[in-house]
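Participant: Dumping the structure here so I can ask a few things about it.
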Amino acid sequence: ETGVTQTPRHLVMGMTNKKSLKCEQHLGHNAMYWYKQSAKKPLELMFVYSLEERVENNSVPSRFSPECPNSSLLNLHLHALQPEDSALYLCASSQEDLAGETQYFGPGTRLLVL
Amino acid sequence: GQNIDQPTEMTATEGAIVQINCTYQTSGFNGLFWYQQHAGEAPTFLSYNVLDGLEEKGRFSSFLSRSKGYSYLLLKELQMKDSASYLCAPRGYNKLIFGAGTRLAVHP
C-alpha cells in the first residue's frame, strides 16, 4: 500500500534537536491530517489541512509546527520536544467532497524523544 | 461532550464469530467508521455506516443504530491474521473521533 507515505519511519531525537516528519499522499485527495498515537490511548487529531489551509488545530503545543507546501505534501516540524511526545505519528488523507470521506493512513513515524 | 466506549480486549478462537461493540456520544453525527490496526502498523479502513442497519462486506459486517448511539463490528470465520486492534470512529461535525480500540486475540 503506497497511497500515503511517511518518512522517516523511525526517529530518535534529543530535546534540543530540530527535526521534520514528512508525509506525501498519492491519492489526489484534498485534505490531510496529522494524528498522534500514544501507547494504549486513542488516536489524537493534531492538525487538519483542507485545500492547503489549516482548518483545525487541536490545542497542540507550539513545539509542533505543521506545513503544507501543496495538496500532496504535509510536514510536521519538531523543535524542543519533551519525552512525553514520544509516540507514533500518523498522517492521513481524504477527499472531502466524497460521501463517507474515508481517511487513508500512512505507515507512521515512530518517534522517541530522549 | 464526546465519548466512545468499546471493550479494551477480547479473545476468540479461530473459525469462530466475534462481535465488537461500540457506544458513542458526539457533537453532530455524519457516519461511523471501523478501522483495523495491526501492532506497529497504520489503521486500515474496514467499513462505513451512515444509515441504520447492517452493512456486510465478506467476513466482516458492521451495524449502526443512530438513535441508540451504538455500533458493532462482526467478524466471522476468524483467522489468526484477524488478531489486531479494532477502532470505532464516529464522525462528528467535521472530524473523526477515535475510540481507544479493542485488542482482539485469535487463538488456534
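The values are calculated or read from the model by the stated rules, or taken from the named source; none is laboratory data. All values derive from a computational prediction rather than experimental measurement. Cβ coordinates were reconstructed from backbone atoms using ideal geometry, including for glycine residues, and neighbour counts include every protein chain displayed. These area figures cover heavy atoms from the full protein model, side chains too; ligands, DNA and RNA do not enter into them. Shrake-Rupley method; radii C 1.70, N 1.55, O 1.52, S 1.80 Å.
Participant: Pick out the one residue from A:Glu67, A:Glu24, A:Glu56 that is of a type outside the set (Val, Ile, Thr), over 30 Å from B:Leu104 (Cα atoms), crowded, with 17+ Cβ neighbours inside 10 Å and out of contact with any Asp or Glu (no Cβ under 9 Å at 6 or more places or on another chain).
Facilitator: After applying the criteria, what remains is A:Glu24.
Participant: Confirm whether B:Leu46 is over 30 Å from A:Thr109 (Cβ atoms) and open to solvent by 20 Å² or more (accessible area, probe 1.4 Å).
Facilitator: Against the criterion (over 30 Å from A:Thr109 (Cβ atoms) and open to solvent by 20 Å² or more (accessible area, probe 1.4 Å)), B:Leu46 does not qualify.
Participant: Do you know which of the residues in region A:73-114 that are of a type in the set (S, T, N, Q) and more than 15 Å from A:Thr7 (Cβ to Cβ) is most open to solvent (accessible area, probe 1.4 Å)?
Facilitator: Residue satisfying both the conditions and the ranking: A:Gln82.
Participant: Condition (residue is in contact with a Lys or Arg (Cβ under 6 Å, 6 or more places away or on another chain) and within 14 Å of A:Ala87 (Cα to Cα)) applied to region A:46-65: is it met by at least one residue?
Facilitator: Within region A:46-65, one or more residues are in contact with a Lys or Arg (Cβ under 6 Å, 6 or more places away or on another chain) and within 14 Å of A:Ala87 (Cα to Cα).
Participant: I'd like to verify a number: residues in region B:22-64 that are assigned to a strand (DSSP E or B) and over 19 Å from B:Gly101 (Cα atoms), how many?
Facilitator: The total comes to 5.
Participant: Let me ask you something else. Residues to consider are B:Leu87, B:Leu73, B:Leu78; find the one that is more than 13 Å from chain A (Cβ to nearest Cβ) and assigned to a strand (DSSP E or B).
Facilitator: Just one listed residue meets the conditions, B:Leu73.
Residues are listed down the side, and each one gets a yes or a no for (1) closer than 25 Å to B:Asn49 by Cα; (2) within 9 Å of another protein chain (Cβ to nearest Cβ):
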residue	(1), (2)
A:Leu21	no, no
A:Tyr49	yes, no
A:Leu76	no, no
A:Phe105	yes, yes
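Participant: A follow-up question, please. Within region B:25-70, take every residue that is among the acidic types (Asp, Glu) and out of contact with any strand residue (DSSP E or B) (no Cβ under 7 Å at 6 or more places or on another chain) and give me the one that is farthest from the other protein chains (Cβ to nearest Cβ).
Facilitator: Residue satisfying both the conditions and the ranking: B:Glu56.
Participant: If you don't mind, another one. Would you mind finding the one in B:Lys57, B:Lys81 that is exposed (fewer than 13 other Cβ atoms within 10 Å of the Cβ), within 29 Å of A:Ala31 (Cα to Cα) and among the charged types (D, E, K, R)?
Facilitator: Within the list B:Lys57, B:Lys81, the selection yields B:Lys57.
Participant: Find the residue count for region B:1-21, including only residues that are over 17 Å from B:Ala105 (Cβ atoms) and part of a loop (DSSP other than H, G, I, E, B).
Facilitator: Going through region B:1-21 one residue at a time, the tally reaches 2.
Participant: Also, I was wondering about something else. Kindly state which strands (runs of 3 or more DSSP E) lie completely within region A:61-109 and contain at least 1 residues that are farther than 21 Å from B:Asn94 by Cα and of a type in the set (A, V, I, L, M).
Facilitator: A:73-79, A:87-94
Here's the yes/no breakdown for (1) more than 12 Å from the chain's Cα centre (by Cα); (2) outside any strand (DSSP E or B):
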position	(1), (2)
A:Lys22	no, no
A:Leu27	yes, yes
A:Trp34	no, no
A:Ala39	yes, yes
A:Tyr49	no, no
A:Val55	yes, no
A:Ser59	yes, yes
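Participant: Take A:Ser50 and decide whether it is touching a helix residue (DSSP H, G or I) at 6+ places or on another chain (Cβ under 9 Å), closer than 27 Å to B:Leu46 by Cα and open to solvent by 10 Å² or more (accessible area, probe 1.4 Å).
Facilitator: It is false that A:Ser50 is touching a helix residue (DSSP H, G or I) at 6+ places or on another chain (Cβ under 9 Å), closer than 27 Å to B:Leu46 by Cα and open to solvent by 10 Å² or more (accessible area, probe 1.4 Å).
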